[in-house]
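Read-outs throughout are calculated quantities, based only on the coordinates presented, and are distinct from any laboratory measurement. Computed from a predicted structure; not experimentally measured. As a convention, Cβ positions derive from the backbone with ideal geometry for all residues, glycine included, and neighbour counts pool all protein chains shown.
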């Protein structure tokens, strides 16, 4: 694999840190799924949805005003996610679960690609396209309990007959308290933290790498918008995770 001198330096510095890590936390964002062909949240507004802004559809108010429109958008997004396949970055993280005593993935993604690659115990901060809940009481609704509505409207909750909605955190809603608390807890205890494919501007997830450094961990930032640099305990690598992560594993465990 061809790497420039600075990237080689950073990878060589990270390799022993990864090999010696006892508790690794990996925060992932849209960038890791983009390598599987999934457009980022706002870039996905194409085709039938080109006249809409994502923020106009991903709100409780939008669902209340036009439930069919919002439901149709999520049906479309779910089909795209189901058609996508995990990439090399996802599979590298699965391999890391075998090599690191404790690895926790905290994802902002809702596509389920980590789980389909084989990762276990993924913390989903923003929900999942594959889960549903009642729009009234927020209790889970199993997809097998409803079918397609003949009028194209969202299905109804089998308990109270309110509309079923995607189990996604919309604008103006709180993140799942248990997921967020667990993310903070594992970050506090980790000795190495990876932030992959995320802009680092959406709170509260954006605070996790900063917290990790405050608690004494080393942090690697990997996305297309950073400059490759080494300022321990912060290491930055510009590039695609599907290339960077497998190479980092190869350097950390060259005999595998």
Inter-label distance for residue 85 and residue 9, nm, one decimal - labels placed 7 Å from Cα along Cα-to-Cβ: 3.8
Rounded to whole angstrom, the alpha-carbon centroid of region 152-186 lies from that of region 80-109 at a distance of 23
For labels at residue 188 and residue 146 in the simple 7 Å Cα→Cβ model, what's the distance in nm? 3.7
Using only Cα atoms and rounding to the nearest 10 degrees, what angle (0 to 90) does helix 88-99 make with the longest principal axis of the chain? 60
In whole angstrom, how long is each semi-axis of the equivalent ellipsoid of region 208-255, when you take the square root of 5 times every eigenvalue of its Cα gyration tensor and sort them from largest down? 20, 15, 9
Simple spin-label estimate for residue 53 and residue 226 in nanometres, 7 Å along Cα-Cβ: 3.0
FRET efficiency, residue 161 to residue 94 (Cβ-Cβ, R0 35 Å, nearest 0.05): 0.30
Antiparallel content of DSSP bridges confined to the chain, in %, to 5: 30
In degrees, nearest 10, range 0 to 90: what is the angle between the Cα axis of helix 241-252 and the longest Cα principal axis of the chain? 40
Once the Cβ-Cβ distance between residue 199 and residue 173 is put in as r, and R0 is 25 Å, what FRET efficiency do you end up with, to the nearest 0.05? 0.80
Of the listed values [x] 19.3; [y] 23.3; [z] 18.2, grab the one calculated as Kirkwood radius over Cα pairs in Å from the structure here. [x]
Could you tell me what a quarter of the Cα convex hull surface of region 135-206 works out to, in nm² with one decimal place? 7.2
Quick one: angle between helix 67-83 and the longest Cα principal axis of the chain, in degrees between 0 and 90, rounded to 10, please. 40
Return the FRET efficiency for the residue pair residue 66, residue 22: r is the Cβ-Cβ distance, R0 is 45 Å, and the value is rounded to the nearest 0.05. 0.35
